[in-house]
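The values are calculated or read from the model by the stated rules, or taken from the named source; none is laboratory data. Being a predicted model, the structure only gives us computed values, none of them experimental. Neighbour counts are summed over all protein chains in view; Cβ atoms, including those assigned to glycine, are modelled from backbone coordinates with ideal geometry. The area values use the complete protein model at the heavy-atom level, side chains included, leaving out ligands, DNA and RNA. Shrake-Rupley method; radii C 1.70, N 1.55, O 1.52, S 1.80 Å.
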Amino acid sequence: MIDRSRVTEAIALAGLLLSISEAIHPLGDQLLQSSADAKAKDMRGRHLVYRADGTPVDERPQPPGDQARTCTASAYGRQAVRRHVTSYTAAQLATAIAVTRALGYRVPTHALLAGAAITATTHAIIDRRAPLLWLAKKARKDGYIAHATVVRRIDPEHGPVVDTSGPGTALMEIDQAVHRAINIVTAATTTWLALRRTR
């Protein structure tokens with residue numbers, strides 16, 4: 001027999017967790033993310049860049065001291081995405097804890113951490129862009145991505161600089177759609193783990 005009170009509790013908790021994720025998502029993904037990390041998180045390649053700001057080594061003279069330390073572009077991109085995902089996940093987790101506790105509900109730690117792990121892992125994969133581009137290609141969205149771009153500035157030497165992945169682009173819209181779909185999985189998993197009966 002179905003325990004209707006348990007079903008109601010599950011629906012309420014999943015709905016609350018999902019609404020928290022949706023509400024805090026723009027804050028974590030836009031406001032808490034540094035401009036430098038937003039620009040660098042999809043950097044790839046074996047060429048060397050300066051750790052201080054990600055500028056390719058061959059584009060400027062060697063700076064003094066620690067500013068001269070280098071790494072590959074891929075390593076720099078991974079560091080940027082790690083910083084962003086850390087602040088994003090912390091905001092999601094802290095808000096979920098604060099709101100549920102303020103309402104008198106304690107979600108078990110293991111359930112919250114499992115949800116945070118799903119969020120962090122998938123967010124890092126999506127924000128490195130290559131997997132997202134692969135998914136978009138499989139969904140036959142290549143034309144949409146190529147079409148929906150923006151020009152943010154005019155380079156005096158080269159003319160318009162086209163942005164293919166920032167705000168206002170198709171790739172950004174796909175990015176947000178995938179993040180939001182994963183929020184459903186995260187809320188459902190956290191709820192299932194929180195309410196699972198121990199035997």
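With 0.36 nm allotted per residue and the present C-alpha distance subtracted, the Glu9-His47 stretch has 8.4 nm of extension available.
Computed from the alpha carbon atoms alone, the convex hull of region 127-173 holds 79 Å³ per residue. Which translational diffusion coefficient, to the nearest whole µm²/s, is obtained for region 35-153 from the Stokes-Einstein equation, given a Kirkwood hydrodynamic radius over C-alpha pairs, 4 °C and 1.567 mPa s? Stokes-Einstein gives a translational diffusion coefficient of 76 µm²/s. With each label modelled as a point 7 angstrom along the Cα→C-beta vector, the Arg152-Ala94 pair spans 2.6 nm. Note on Lys39: aspartates and glutamates with a C-alpha under 18 Å away, same-chain residues under 8 apart excluded, are Asp29, Asp53, Glu59, Asp127, Asp155, Asp163, Glu173, Asp175. According to the Cα-based calculation, Rg over Rh for region 90-161 is 1.24, with Rh computed by the Kirkwood formula.
Stokes-Einstein diffusion for the chain, with the hydrodynamic radius set to the Kirkwood value over Cα pairs and evaluated at 25 °C in a medium of 0.890 mPa s, equals 129 µm²/s.
Surface exposure of the chain, expressed per residue as accessible area with a 1.4 Å probe, stands at 61 Å². The chymotrypsin sites (Phe, Trp or Tyr not before Pro) of region 34-120 that DSSP puts in a loop, and whose beta carbon has at most 14 other beta carbons within 10 Å, are Tyr105. Each peptide in 81-87, 140-146 was scored by the mean count of other Cβ atoms within 10 Å over its residues; highest first, the order is 81-87, 140-146.
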